[in-house]
Structures are given as C-alpha cells and as structure tokens.
1. Please give me, ordered by residue number, the chymotrypsin sites (Phe, Trp or Tyr not before Pro) of region 383-450 that lie in loop per DSSP and have at most 15 other Cβ atoms within 10 Å.
2. Given C-alpha coordinates of region 215-259, what is the ratio Rg to Rh with the Kirkwood estimate of Rh?
3. If R0 is 51 Å, what FRET efficiency do you get for LYS433 and ASN46 from their C-beta distance, rounded to 0.05?
4. With a Förster radius of 45 Å, plug the Cβ-Cβ distance of GLU219 and ASN187 into 1/(1 + (r/R0)^6) and report the FRET value to the nearest 0.05.
5. Can you give the extra length, in nm with one decimal, that the chain gains between LYS443 and LEU399 once fully stretched, where that is 0.36 nm per residue apart less the Cα-Cα distance?
6. Please report, largest first and rounded to whole Å, the three semi-axes of the ellipsoid equivalent to region 1-151, where each semi-axis is the square root of five times an eigenvalue of the C-alpha gyration tensor.
7. So if I take the centroid of the Cα atoms in region 405-420 and the same for region 103-154, what is the distance between those two points in Å?
8. Any idea how far the Cα center of region 328-351 sits from the one of region 194-208, in Å?
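Values in this text are rule-based calculations from the coordinates and carry no lab data. Predicted model, so just to flag it, every value in this text is computed and none were measured. Here the Cβ positions follow ideal geometry from the backbone for every residue, glycine too, while neighbour counts run over all protein chains shown.
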Amino acid sequence: MLERFYAKYEKLLGEEGKEFKEALKRPPFRGLRINPGKICVKELFNRYGFLEKVPWCSEGFYLPEGLFLGRDPWHLAGAFYLQEPSAMLPVEVLDPKPGEVILDLAAAPGGKATQILSKLGGKGLLVANEINPGRAKILVENLERWGYGNYIVVNEKPNHLEEKFFGYFDRVLVDAPCSGEGMFRKNSDALKEWSEEHVLGCSARQEKLLATAAKLLKEGGVLVYSTCTFNPEENEKVIVAFLRQNPNFVLDEFKLTGISPGIPEWADNFQELRKTYRIWPHRHKGEGHFVARMVKLAGSIAARVKTKSGKNRGKRESLKEFQDFWQEYLNLPVPEVFVKGEKVFLLPEEFPELTGVRVIKAGLQIGEVKKGRFLPSQELAFSILGKNFKRQIEMPQALRAAYLRGESIPVSWEEGWYLVTLDGVGIGFGYVKKGIFKNQLAKYLRGLAL
C-alpha cells in the first residue's frame, strides 16, 4: 500500500512528487491557537517566549521543538487550544460573524468549534453536531474549557437534522471525515493502512454530508467543506460533483496568504477550483488540508426554524440563592437562569426549538443549589464571565502545587468564595472558612497540571 500511495502522488505532482515524499518523512508541525476571550498575544509571549505566527490564522502560532503544553494549566483552563496549524484554515475561510447562527456538522474533538466560538465573541449561536457519543463527550469538555456559553452540542446523524433545521444556518462547516493523508506524519501506521478503496468510500460519504449541509443552509449563506487529505477524489472531485448537482451554489474566493490554490486539472479542468485552497507539507508549514468555500444563491427555498426566546424557553427561575451569590461576587447584572433539578444553567439567547433532537449540552452550567446555598461550577470558573468575578486570587507560586492537587490550604484571607487564577487565567474556585481555603477544583483536573 505504501508504494501505491507514493506512486499515485509522484504521478499527480510530477516534479514535486519527490519533494512531497521527502516532506512526509520529516517531523510534523505543531501549533496552538489562543483564546482571545482569555489571553492576548503579549501574554502568550510573556509566558512562553516568542512563537512564530501561523500565516493563515491571526490567533495561531507554531510550537517549537521541545515545548510540550498538554499538561500546562493554561491549556487545561482553555487559554489556548493545541491544534495542528493546517486545521486552523477552515474556520478562517468560514469567517463567522458575531450574531450569526453557525453549524459545525462533524464537530469533535472541538478544535474548529472553539475557533468558531472565538469568532462569534459570545454573540449568536453555534450548533456543534457529533454522531459518535464518545467523541461528543470530548467535544463538550473542550467547549466547556473554552468558556463561551452560546453553543448547543447535539448527537445526531447529519440527515436527521434536515427536517428540524432546514434553511436555518447562516454558515455551515463540513469538516468531513476523510482518509487522513494529511495526518500521515503524525500517525505513520495510518499510512500503512491506506488504500484506494478507503479513499473512494470516504468520497461517497462526503458527498452525502455536503448534500445534507446544503439543505441546512439559508439562502445567501456560506458553506465550507474541508478535509485533511491530499487526493482529488475527496477534494476537487467532491466539489465538482456537488456543484453540478446543486446549481444554486457557487465557489466563493476568500483572500488568504501563505496557501496554494486547488488544482482544476484534477477534476475535469474545472477552472473555478482555483478558488479553493490547499496546504501541502512540501510547500507550507502544515500537514495538509483542502478547503472550499461556497455560497448558496438567493432564490433557494429557505425557512428558519422556530426559536424559543425570552420567558418561554423552558423552566426559567429567579433563585434567591443564585441571585444573592451573583450580586455579591460578580460585576454583572443578574441573568435569568434555567433550572433542571439542582443544576443552574445560562442558555444562549438564540435558542431553537429542539423537540426530537438528541441534545448533549446547551449553554453554561454555572452551578447548583444544595442545602440552600448556590455552589459555583468548574464551568463558571472556566467561563469568560470569570473576568467579572469580584474576588480573584492569583494563587501564590508556593501554593500552586497544593491547589492543583486538590488540597485544602491554611490561609489568612477573608471568608467567602474566590476564583483562583494562574498567571491571570481562571482555573477553579475555592471557599475560605475559618482560615481554611477549601479547594473546589474539579476532581478530574486534580494532578493533571503538575
């Protein structure tokens, strides 16, 4: 299989084929993308030193050899997302705007979904769908750490969304499951398992995903298709087949630097493919990606779904325990909350009617009421709302290890709740009573950042 793979690209790429083959033998590029709701570039550089910028993403940076941040407290707190640089391209091309309603059709593990939330800036709505329940759980965890509450995670087959969300979304991202040729430097075993049959199977599934996405997009909306693979069968040919079946869609050029165009010669010499984008490992500092941006023309049938707004969105309550806590500890007006059992939620302002849809998570779970007290959640600590918490304590260096282990700590601080920050980023809560700081860092985080 290995020989067939290289032979295919030597034929397709001609003189570049040898460079391409040699590039796949080199180490992969690694990167991170900052969360602008939590840190800025200056703060990133102050902590880790200067990092080279990813040319197609203003919030993306390359990680140098030897810098590994998977257990760094800032990573665990959602100050940045560890992401392969090429994977930052699709959302840049999608270009979400604050206030819009966006669908990420195949969203796990959440890299592109978190990037969309950053672009929305807390305004509008992201619906993040993931068909695999286990991967949907990972998606939720990553979105919770990112800190925005204007999202809904659903666990549905894509075609099941057609009736509920027909013509609903301003923009749709189809980051399609693919043969993953662009990830071969990260996973050499995947290269050994490559086959033309697998490529063609992926292509057939991708065409079905695009057909569904087209129905979910409103007229005038933007549809972005992306893969992390090189072959034309899953890229240029999928786009040409889609456009022929959907004449109400056209390719839309988006100005970016540092990337290559698609290749018309690989798909019936369809010249509009020059408006698509490719990242190659022998040309660019990235693993490999294909991205196409299309617009749905006016005149298409479109009907937005009903939304629940204001007081009729569910069981919304004004809990005294919650109100008292919020007024005492946050420099924000007391919001209306949704209550389910003991748990208290802040739901997105834009909230569609979801009967019949398998919802995994909606909005922020900000805490719970127990024994007449409101207890803030780990999710609230990660939230961008945390910057408005009145009592923030930068955990002293000498006490950080104890806090991250989940230990209680003797202190001389005033009694009450505190948001613990590490170099300015909220990591968790604690409560001081009778000279003891009672640690409220979530158990699943304890020890991870040591």
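1. Counting only loop positions with at most 15 other Cβ atoms within 10 Å, the chymotrypsin sites (Phe, Trp or Tyr not before Pro) in region 383-450 are TRP413.
2. My calculation of the ratio gives 0.98.
3. Once the sixth-power term is evaluated, E becomes 0.90.
4. My answer for the efficiency is 0.65.
5. Extra length available between LYS443 and LEU399 comes to 14.1 nm.
6. 30, 21, 15
7. Each part reduced to its Cα centre gives a spacing of 32 Å.
8. Here the answer is 44 Å between Cα centres.
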